[in-house]
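Report on the following structure.
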Amino acid sequence: MYYLPDASGIKFTGDHEGFVSRAYRDQGGVLTIGFGFTNLSPLCRQWFIKRWGHVLQADSKMTRAEANELLRVVMLHETAPVALTLQPSSQTAFNAENDVVYNCG
């Protein structure tokens, strides 16, 4: 069976990841916002440019709604393909595996 990130799985990850509305430097010095989004992800860079007209910058701000939207995109296109290789047995198992993949980067 093939699974996709569903609303409960995305909400779970967002609730546990922690949301930051202003750009900040993480412990590695990488500019970060939202639920850990950076310019290191080509998908995030494209989203920032499409939504804001520029890549993530030191003065960037993000709403919770924007972060939820981007989290859904990232989980669908970046983490879900990896989680599927783990051969989940149910939607709940897939959501858990997708969350682990997201947190591992």
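The values are calculated or read from the model by the stated rules, or taken from the named source; none is laboratory data. As the structure is a prediction and not an experimental result, all values here were calculated from the model. Glycine gets a Cβ as well: all are built from the backbone with ideal geometry, and neighbour counts include every protein chain shown. The area values use the complete protein model at the heavy-atom level, side chains included, leaving out ligands, DNA and RNA. Shrake-Rupley method; radii C 1.70, N 1.55, O 1.52, S 1.80 Å.
Tabulated values for the structure
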read-out: Computed magnitude of the charge dipole of the range 31-100 (debye, nearest 20; Cβ of K, R +1, Cβ of D, E -1); value: 240 debye
read-out: Rule-of-thumb Rg ratio for the range 52-96 [Cα; 2.2 N^0.38 Å; N residues]; value: 1.54
read-out: Protein accessible area in the chain, 1.4 Å probe - carbon and sulfur %; value: 56 percent
read-out: Dipole magnitude (debye, nearest 20) for the range 1-46, charges at Cβ of Lys, Arg, Asp, Glu; value: 200 debye
read-out: Charge sum, other residues only, whose C-beta stays under 14 Å from Pro88's C-beta, Lys/Arg counted +1 and Asp/Glu -1; value: -3
read-out: Per residue value of the accessible surface for the chain (all protein chains in place, 1.4 Å probe), Å²; value: 58 Å²
read-out: Kirkwood Rh and Cα Rg combined as Rg over Rh, evaluated for the chain; value: 0.98
read-out: In order through the range 56-63: 3J(HN,Hα) via Karplus (6.51 cos²θ - 1.76 cosθ + 1.60), integer Hz, x for Gly, Pro; value: 4, 10, 4, 9, 5, 10, 9, 7
